């Protein structure tokens, strides 16, 4: 696809990026105040009446709000519109309260919450309060480390000792994208405690969750008493032995970032191997099926969020493997396809950006965020890395 490396692709991607900037203003205008879980939406209207019924920010299951605040910070960097910065900064108290007063009611997704918000804001404006809160979130995340098994427990409170409780002994592939918070904490403090835990979890993921063929399990279960491996598990893909597309992209991006922080070639090689196998599963529709191993009778709904995350993963790998022609080509193929009207919603008044996310034909705030992050990188917009 030679058109992926010529001028017209930048023009098309610029159109999608520009509407994404307009949409964050629409979203902020419609934001009713008070951070909550921003649920998937059929029509992209994230903040209509259903918003008030969503999980409170301090609920253990809340993990996506920073993709909204992080999107605003992406827009701020390119526009230098300080109203965006003031709006995002005004939510600081909620982030502090979550990890200083409600730390027991958190899960592994602290990286998704605090890297695009506190880490990013600290890098942008140098506010030591954001640094303090981000380091506290890394401390809370590190407390989820289970020595017997060498993994970060994904779900459930850490003071739950019942082996039959929800989340007992479970590690999940998504956690690879929460490890950057721990790596950052070590770089910021010089304390290798955080880095060592991140490395232990990444190594476990390579050993237990990456299959020999380059596909991945969504989850892996350990005996919560002994730490002995039990086997693959699933909570997001179609089945235990299926091949969940978005989970693969979390791993691709996470291992590439882990290489950036550690220099461990095994992480880069794993990211490349996962990416190549991911690409081998793509068909002429370009955007991946939400699970690559669906039974024939299942509808092959697409997951645009997985495509957006994959594009970011490819560009992260290309920082260290710039001659990888396959990943260059597929970065452009994915982003160009996502910029089509079948996927990008070009109505500037609708907060949702990316359609057909998560295999359920929904808009998701994380799909929107990672699409904007990928577009910003590909178009060389100002972008401070939060991961």
Quiz prompt | Search result, residues across segment 28-39 that are buried (at least 18 other Cβ atoms within 10 Å of the Cβ) and either in contact (Cβ under 8 Å) with a residue 40 or more places away in the chain or in a helix (DSSP H, G or I) (or both) | solution = 28, 35, 38
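Of the residues 181, 128, which single one is crowded, with 18+ Cβ neighbours inside 10 Å and at pLDDT 95 or above?
181
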Quiz prompt | segment 65-98, residues that are over 17 Å from residue 122 (Cβ atoms) and not in a helix (DSSP H, G or I) | solution = 80, 81
Quiz item: Just a yes or no: is a residue in segment 157-165 in contact with a helix residue (DSSP H, G or I) (Cβ under 7 Å, 6 or more places away or on another chain), over 15 Å from residue 104 (Cβ atoms) and touching a residue at least 40 places away in the same chain (Cβ under 8 Å)?
Solution: no
Quiz prompt | Sole residue being closer than 19 Å to residue 57 by Cα and surrounded by 16 or more Cβ atoms within 10 Å (Cβ to Cβ), chosen from 171, 134 | solution = 134
Practice problem: Among the candidates 374, 313, 308, single out the residue that is touching a strand residue (DSSP E or B) at 6+ places or on another chain (Cβ under 9 Å) and either surrounded by 24 or more Cβ atoms within 10 Å (Cβ to Cβ) or within 16 Å of residue 67 (Cα to Cα) (or both). | Solution: 308
Practice problem: Among the residues of segment 229-256, write down those that are without any contact (Cβ under 8 Å) to a residue 40 or more places away in the chain and out of contact with any helix residue (DSSP H, G or I) (no Cβ under 8 Å at 6 or more places or on another chain). | Solution: 231, 234, 240
Exercise. Return the only residue of 347, 324 being surrounded by fewer than 21 Cβ atoms within 10 Å (Cβ to Cβ), more than 20 Å from the chain's Cα centre (by Cα) and over 30 Å from residue 200 (Cα atoms).
Key: 347
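Answer with yes or no whether residue 14 is assigned to a helix (DSSP H, G or I), touching a helix residue (DSSP H, G or I) at 6+ places or on another chain (Cβ under 8 Å) and surrounded by fewer than 19 Cβ atoms within 10 Å (Cβ to Cβ).
On the way: assigned to a helix (DSSP H, G or I): yes; touching a helix residue (DSSP H, G or I) at 6+ places or on another chain (Cβ under 8 Å): no; surrounded by fewer than 19 Cβ atoms within 10 Å (Cβ to Cβ): yes.
No; evaluated as a whole, the condition is false for this residue.
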Practice problem: Scan segment 292-305 for residues that are within 17 Å of residue 216 (Cβ to Cβ) and crowded, with 24+ Cβ neighbours inside 10 Å and report the count. | Solution: 2
Quiz prompt | Among the candidates 151, 194, residue that is at pLDDT 95 or above, in contact with a strand residue (DSSP E or B) (Cβ under 8 Å, 6 or more places away or on another chain) and either over 26 Å from residue 263 (Cα atoms) or surrounded by 15 or more Cβ atoms within 10 Å (Cβ to Cβ) (or both) | solution = 151
Quiz item: Tally time: how many residues in segment 52-65 are out of contact with any helix residue (DSSP H, G or I) (no Cβ under 9 Å at 6 or more places or on another chain) and either surrounded by 18 or more Cβ atoms within 10 Å (Cβ to Cβ) or closer than 21 Å to residue 88 by Cβ (or both)?
Solution: 3
Self-check item: Pick from segment 166-211, criterion in a loop (DSSP other than H, G, I, E, B) and touching a residue at least 12 places away in the same chain (Cβ under 8 Å), ranking: nearest to residue 305 (Cα to Cα)
Solution: 178
Quiz prompt | From the options 363, 369, residue that is more than 17 Å from residue 249 (Cβ to Cβ), in contact (Cβ under 8 Å) with a residue 40 or more places away in the chain, under 16 Å from the mean Cα position of the chain (by Cα) and buried (at least 23 other Cβ atoms within 10 Å of the Cβ) | solution = 363
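The values are calculated or read from the model by the stated rules, or taken from the named source; none is laboratory data. Just so you know, these numbers come straight off a predicted model, no measurement behind them. Glycine gets a Cβ as well: all are built from the backbone with ideal geometry, and neighbour counts include every protein chain shown.
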